[in-house]
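Student: Sharing a structure below in structure tokens format, with a few things to ask.
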Amino acid sequence: MAVDELQAIIQRCQVLEEADFKGEDFNLFQVAGQKCLEDGYAAQLLEVIQNEKNKVIIKNMGWNLICPLVRCILVYKQEDDKREHCLKILDQLSQLCNPKELFLGLLEQIEQTSGEQVCQTVMLLLQPLQTVLLKLQNKKAYSVGLSLAMIMNQLTPLPVPYTKQQIQEDKLGLCQCCNAVVDFAKPFVNEVVKNMEKSSEYNDMELKEELLKFCMKSLKYPLLTAQLEQLEGIEEHPFRRFATEIIDILWNIRELIPLVVLGHKGKSPHWENEEFADIERKNSADSLACLSYLVFVQHFGIDCFPMVLVSYVCAKCWQLFWFFFPHLQDLFESCLLKMEDNSLLHQYLEFRDFINVPQVLVKVMTLCPMEHLRKKSLNILQLFIDKFEAEGKYTLFRYACDNIWFTGHHLISLLDLVLLLPEGAETDLLQNSDRIMASLNLLRYLVIKDCESDNQTGVWTMLAKIEQNFLKPLHVGLNMSKAHYEAEIKNKKENKREAQSSKTICSVTVSGEKMPAMTTEMQLQVLHSALFTFDLIESVLARVEELIEVKIKGGMDENS
């Protein structure tokens, strides 16, 4: 019986010290807990988790239950008692589990969800994710930003309800989910506001920047294409409420007026690749245009602006030009009708503006929520193609083919550049932590999305090379780095009393300029922060290797 198996594992682990838990114990606990959930023994599992004697076990191992727990909650009906027990288990895990491990587990569940379950999963995990983030001390801003970015990336592919019926039905739950995400962000907004009133510490500015990124993404999706007019029969328009909340966040973090008046956001990433820089500029322009529309057309937050600023900004509202796209369609169609068929040479397509036209029309045909604009764009595209000679038509049609440049050997040549450590196991992992985390997350994404049998990306072909050049050296490097920093911490603690009595402090010089002195406590904080970074890398690395092992085993089972 599943409960008996779980109790046996619990009893064995109760007599062990926390440091003595082995990988086998984690696996057995996960399997037994999952079986309890799947066999309908959620109530018994809840009792085990609530037992004070099991507190240390749940702290270390409980996060492994997130995946089967979410799966069961989504299957059970609202009125089912088992679902209620599962929700209580989720709440208990958010209170008891190691925050770092649970954070990664929750984020992974959000990342792996798709289709109709996206909004359900996000809304289910927002509360525990918020609880965990509020507990984090190190890299809190980064973790909040990562969470909001992951959530928005998962929501973005979903169609935005546009008609009154679609908004009322909210079939996929997007309207409800968007407002739930804003509520999720509020404690972090309040934290920024509170700290801005006191001082402008670096960490607080980082958190402010992450919240600003979230608002900019929200302006582009869903608000850029959302129906924001008051609709009869809808007492509280969900997207109007969402727009109000986004404007409030921008006002509270003191970014609303700078964005509208100056027309740019805070720090922007530096892109060496010009194509990525163009995408960033385009996304920012879309968001700023939407913000101007919300303020000056829909009057969200207009009371925050002095009249003199309103007059000034109105003169700069060229961004709203993009909201007059229907008129542009009419103008473009009128021009095309005046031209003869087969009159344009294929060389015209060497100019970027000519290539942009069909790309924009295709986006409107596939993404625009307004049917009449989609149909109009299709008619214009057909007209546009008719105007080119045969070679030009052929060139235009080729742009509809799948992109082969990010599959197979083309992708492998790019992966060779990122899935390696520049200096092997001796690479400075702290200095390269952002790059390493990005590489691990890329590899994890490829392993999740690409089956070994399909191998569209080619990642399974070069798996041995990845392990040799990246995964194994990373293991060695992590062990070396953690040992070094742990020794440093031990040394600092032993010398702390002597340092205090002699008032010894550490000074740092950067680019010839002497920085503020560091006390022993500050040095210890830096060392602990480094260890947290290594733990984060190690957790993702372990998950990548686990996914590889599961995929390989699954492929072998299919072939046997």
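Student: Does E18 satisfy the criteria of being without any contact (Cβ under 8 Å) to a residue 60 or more places away in the chain and within 26 Å of Q117 (Cβ to Cβ)? Outline the logic, then answer.
Tutor: On the way: without any contact (Cβ under 8 Å) to a residue 60 or more places away in the chain: yes; within 26 Å of Q117 (Cβ to Cβ): no.
In short, no.
Student: Criterion first (open to solvent by 20 Å² or more (accessible area, probe 1.4 Å), under 21 Å from V364 (Cβ atoms) and touching a residue at least 60 places away in the same chain (Cβ under 8 Å)) does L219 satisfy it? Before you say what the answer is, go through the steps one by one.
Tutor: Numbers: open to solvent by 20 Å² or more (accessible area, probe 1.4 Å): no; under 21 Å from V364 (Cβ atoms): yes; touching a residue at least 60 places away in the same chain (Cβ under 8 Å): yes.
Judged against the criteria, L219 is not a match.
Student: Any residue in the stretch 377-394 that is without any contact (Cβ under 8 Å) to a residue 12 or more places away in the chain sitting within a Cβ distance under 9 Å of a residue that is among the polar types (S, T, N, Q)? List the pairs, counting only those 6 or more apart or interchain.
Tutor: Within 9 Å, the pairs are K393/N342.
Student: Follow-up. Please tell me if H528 is outside any loop (DSSP other than H, G, I, E, B), open to solvent by 60 Å² or more (accessible area, probe 1.4 Å) and modelled with pLDDT of 90 or more.
Tutor: On the way: outside any loop (DSSP other than H, G, I, E, B): yes; open to solvent by 60 Å² or more (accessible area, probe 1.4 Å): yes; modelled with pLDDT of 90 or more: no.
For H528, the condition - outside any loop (DSSP other than H, G, I, E, B), open to solvent by 60 Å² or more (accessible area, probe 1.4 Å) and modelled with pLDDT of 90 or more - is not met.
Student: Scan (1) under 26 Å from R543 (Cα atoms); (2) open to solvent by 80 Å² or more (accessible area, probe 1.4 Å) for the single condition L102 breaks and write down its number.
Tutor: The failed condition is (2).
Student: Something else: Can you find, within the stretch 110-149, the residue that is farthest from the chain's Cα centre (by Cα) among those that are among the hydrophobic types (A, V, I, L, M, F, W, C) and open to solvent by 30 Å² or more (accessible area, probe 1.4 Å)? Walk me through how you get there before you give the answer.
Tutor: The initial filter retains those residues of the stretch 110-149 that are among the hydrophobic types (A, V, I, L, M, F, W, C), namely 110, 118-119, 122-126, 129, 132-134, 136, 141, 144, 146, 148-149.
Next, from what is left, pick out any that are open to solvent by 30 Å² or more (accessible area, probe 1.4 Å): 123, 134, 146.
Details: M123: 15, L134: 18, L146: 5 Å.
Filtering the stretch 110-149 for residues that are among the hydrophobic types (A, V, I, L, M, F, W, C) and open to solvent by 30 Å² or more (accessible area, probe 1.4 Å), the one farthest from the chain's Cα centre (by Cα) comes out as L134.
Student: A further question on this structure: Which one of these does Q78 not meet: (1) more than 28 Å from V118 (Cα to Cα); (2) within 31 Å of the chain's Cα centre (by Cα); (3) outside any helix (DSSP H, G or I)?
Tutor: Result: Q78 passes all but (1).
Student: For the stretch 177-285, give me every one of the helices (runs of 4 or more DSSP H) that falls completely inside it and has 3 or more residues that are closer than 21 Å to V295 by Cα, modelled with pLDDT of 90 or more and not acidic (D, E). Break it down stepwise before answering.
Tutor: Numbers: elements: 202-218, 238-252, 256-262.
Per the criteria, 202-218, 238-252.
Student: Give the stretch 410-445 a look and list any residue that's not acidic (D, E) and not in a helix (DSSP H, G or I), or say none. Full working, then the answer.
Tutor: So in the stretch 410-445, the residues not acidic (D, E) come out as 410-415, 417-422, 424-425, 427, 429-433, 435-445.
Of everything in the stretch 410-445, those that are not acidic (D, E) and not in a helix (DSSP H, G or I) turn out to be L419, L420, L421, P422, T427, L429, L430, Q431, N432.
Student: Within the stretch 330-345, is there a residue that is outside any helix (DSSP H, G or I), open to solvent by less than 50 Å² (accessible area, probe 1.4 Å) and at pLDDT 75 or above?
Tutor: Going residue by residue through the stretch 330-345, those that are outside any helix (DSSP H, G or I) are 338-345.
Now drop any that are not open to solvent by less than 50 Å² (accessible area, probe 1.4 Å), which leaves 344.
When the remaining residues are screened for being at pLDDT 75 or above, the result is 344.
The answer is yes, given that some residue of the stretch 330-345 is outside any helix (DSSP H, G or I), open to solvent by less than 50 Å² (accessible area, probe 1.4 Å) and at pLDDT 75 or above.
Student: Can you spot a residue in the stretch 446-462 that is open to solvent by 10 Å² or more (accessible area, probe 1.4 Å), in a helix (DSSP H, G or I) and farther than 29 Å from I110 by Cβ?
Tutor: No, the stretch 446-462 contains no residue that is open to solvent by 10 Å² or more (accessible area, probe 1.4 Å), in a helix (DSSP H, G or I) and farther than 29 Å from I110 by Cβ.
Student: Further question on the same structure: Can you pull out the helices (runs of 4 or more DSSP H) entirely within the stretch 111-173 that have at least 3 residues that are under 19 Å from P238 (Cβ atoms) and among the polar types (S, T, N, Q)? Outline the logic, then answer.
Tutor: Numbers: elements: 118-135, 140-155, 164-169.
Where helices (runs of 4 or more DSSP H) fall fully within the stretch 111-173 and carry at least 3 residues being under 19 Å from P238 (Cβ atoms) and among the polar types (S, T, N, Q), they are 164-169.
Student: Being surrounded by fewer than 17 Cβ atoms within 10 Å (Cβ to Cβ) and within 25 Å of the chain's Cα centre (by Cα) is true for just one of V181, V193. Which residue is that? Before the answer, list the steps.
Tutor: Values: V181 fails: surrounded by fewer than 17 Cβ atoms within 10 Å (Cβ to Cβ).
Every option except V193 fails the conditions.
Student: Cβ-Cβ under 9 Å, sequence separation 6+ or interchain: first residue in the stretch 248-262 and in contact (Cβ under 8 Å) with a residue 40 or more places away in the chain and under 15 Å from K194 (Cα atoms), partner among the aromatic types (F, W, Y) and buried (at least 22 other Cβ atoms within 10 Å of the Cβ). Which pairs?
Tutor: I249/F214
The values are calculated or read from the model by the stated rules, or taken from the named source; none is laboratory data. Everything numeric here is computed off the predicted structure, so don't read it as measured data. Note that each Cβ is placed from the backbone with ideal geometry, even for glycine, and that neighbours are counted across all protein chains shown. Surface accessibility is based on the protein's heavy atoms, side chains included, excluding ligands, DNA and RNA. Shrake-Rupley method; radii C 1.70, N 1.55, O 1.52, S 1.80 Å.
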